[in-house]
1. Just for the stretch 148-353, what percent of DSSP beta bridges are antiparallel, to the closest 5?
2. On a C-alpha basis, how far is the centre of the stretch 241-273 from the centre of the stretch 388-449 in Å? Whole number, if you could?
3. Across the stretch 148-353, how large is the tail of the calculated P(r) beyond 28 Å, expressed as a percent of all Cα pairs?
4. Could you tell me how many cubic angstrom of Cα convex hull volume the stretch 359-451 has per residue?
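Taken together, the values in this text are just the output of simple stated rules run on the coordinates, not laboratory data. Worth saying up front: this structure is predicted, and the values here are computed from it rather than measured.
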Amino acid sequence: MYLNTLSNIGLAYIMQKKSFLKDDKPITYFEIIDCAYGFIYNYKNVGFLFTSLSKSLGTELPTSYNSKNEYFAINFQSIEELSSKNNNVADIDKFLSEYKKNIGKLYFFNLDQSTFESIGDQELIQQIEKSKSKEDFNGNLLNKNSEISKMYSEIKKTIISQDKQIMQILTTLFKNQKVVNGSFDIDMISKLKENLIIYGPTGTGKTEILKRIAKIYKVPIVIEDATSLTESGFVGRDIQDMLNDLYLAANRNIEVAQKGILVIDEFDKLAEKDPTHNHVSKEGVQRSLLKLLDGSEYYFNGLTFNTSKLSVVALGAFTGITNSDDYTGINIKDFVDYGIMRELMGRFSKLVAMNYLTKEDIKKILIESSFSPINTYKVLFDSMNIDFTYDEDFIDYIATKAIALNSGARSLKTVFDDIISSAMFKIFDGDYSSIHLINPNENESPYVLTKKKIDI
């Protein structure tokens, strides 16, 4: 295919526009992120290199820079000149790989929108490297300025009554990032890296813990709904769709995406067996996940996504898997009996059971958690110069209502918003100086508003 049009094929450096601050002024530079080959053609008198074979980007890129381009390609070699030595694509791939080895840390700055010169100033290079270390997705996915104990303390401010679970999840994902960013080969990575199942009652903080960890680690994370997954070939979402979401979350950096965190929520729903519904086989979806967890390659949008370094986390309530409030005694056999394939369970080496939240836990969340609706509303009232207070009995009142909904901490905002909504209407409509929340008696309002005093 390519050999018949060698004159229209070229080798190119794939450049990315970046910047750093020098003396508080932005300095634009360009970094080579990949080397690719493809077709050169004209479209509306503009030259393009089709980089379908690039591992970094799978799109059409302009061959000259303008201010609107974040990525562009610089054609540096015609394959026609190499045709006598390279008689097939495999040879060209070999030639290309040699070029990639020599890319190194090459940076360029533009002089006149068409000329690029290599940066040789060591001071500038050091400043670039320093600025790159502060980027979210720069390939160094661990925040070296944060110790794991500090991360633990930070997450505990939000997630209450799950100390052991936070530590287990944090340690596992921390280790995974150490492994995938180290110098281990693929076989050793597969032995050291762990995939997790986090299970337990709704509203205990499963999703929130992962979001907090991903933010601290500065790794891309996507949370996918297992109920939307179908077998390949059926209408619905599949594995490639999830990986593409992760690729986009990594700012289209495939290397970073491959080291990200893929969260499959509602994982327990894949075990449902309902003969009354003619839905796509849940077992078929489970089998499709085996390939993902085994470290396979997926191809989409001109990209190759290898899942060998991916951290996969499954979340699920698994309602009915136990007859008690204690989820800690659950083992692999219980999951298999529930409906998860034994082969699939074998790919998850870490099981983390969340604690069932008691009424006292809910009260603690209301008072201590930064995620508490009471604490978030306090910020709002402070911005409005309104004093905000509450009785201890009110905490007991709202905790009781939340427990009755049987959805853990997730119901707190719903309950609190329902209580506070009429008060907020009055506050926005009037001129009040304070609000005090109380445990109401029958037919009594759960709050007391105080009007501002008017000086006469």
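1. Percentage antiparallel, nearest 5: 20.
2. 38 Å
3. 25 percent
4. 91 Å³
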